[in-house]
Amino acid sequence: MAKIYRIEAGKELFEEVIRIAEEEGIRTARVEGIGGFKKATVAYFNHETKKYEEHEFNEFMEITSMLGNVSEKDKSRFVHLHVTLGRRDLSTVGGHLVRGTVYPFVELVMTRTDNLAYRRYDSNLGLNVLEIR
């Protein structure tokens, strides 16, 4: 069953998603949201170097789309999100969300999944890959 949550200004998005998942007893879920960030770090995964190239934005940006999931890694909740962020001039940036400071708020929907999903590091890819059970 899906539930909608409101995350308030000044909160760090990943901390809040993990807090909600823990309070609700959610081990795995689909996550989607809209709202805004006053500060965000977005990354692009470089397949040649097997490293994320992080880009920090210190400006208000609207979350026009945010999709991802909650899974488990090392017996803890693991949040994986991708975003498209809109600027005042209507241009966008997007990629792997590393962190985001909420402003003015985020409307978040979490949909619990029936199966379990775990992350393990794959050294060939340089990524934490999803294993479904």
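Throughout, read-outs are computed from the coordinates displayed, never taken from laboratory work. Predicted, not measured: the structure shown is a model, and the values here were computed from it. Because the Cβ atoms are built from the backbone with ideal geometry, glycine has one as well, and the counts that use them run over all protein chains shown.
Points to keep in mind about this one:
- The set of residues in the range 40-56 being more than 16 Å from the chain's Cα centre (by Cα) and of a type in the set (S, T, N, Q) consists of 46, 49.
- Looking only at the range 53-108, and only at residues there that are in contact with a Gly (Cβ under 7 Å, 6 or more places away or on another chain) and among the charged types (D, E, K, R), the one that is surrounded by the most Cβ atoms within 10 Å (Cβ to Cβ): 62
- Considered as a group, the residues in the range 33-52 that are of a type outside the set (Phe, Trp, Tyr) and more than 12 Å from residue 13 (Cα to Cα) include one that is surrounded by the most Cβ atoms within 10 Å (Cβ to Cβ), and that residue is 42.
- Pairs with Cβ under 6 Å, 6+ apart, first in the range 85-109 and farther than 14 Å from residue 36 by Cα, second assigned to a strand (DSSP E or B) and of a type in the set (D, E, K, R): 98/54; 109/32
- Of all residues making up the range 59-78, the number that are of a type outside the set (Gly, Ala, Ser) and more than 19 Å from residue 105 (Cβ to Cβ): 8
- The range 85-103 - residue that is within 10 Å of residue 61 (Cβ to Cβ) and part of a strand (DSSP E or B) and, of those, nearest to the chain's Cα centre (by Cα): 100
- Pair list, Cβ < 8 Å and 6+ apart or interchain, from the range 15-33 residues that are more than 11 Å from residue 106 (Cβ to Cβ) and without any contact (Cβ under 8 Å) to a residue 40 or more places away in the chain to residues that are surrounded by fewer than 19 Cβ atoms within 10 Å (Cβ to Cβ) and of a type in the set (Asp, Glu): none
- The single residue among 103, 44 that is aromatic (Phe, Trp, Tyr) and closer than 29 Å to residue 131 by Cα turns out to be 44.
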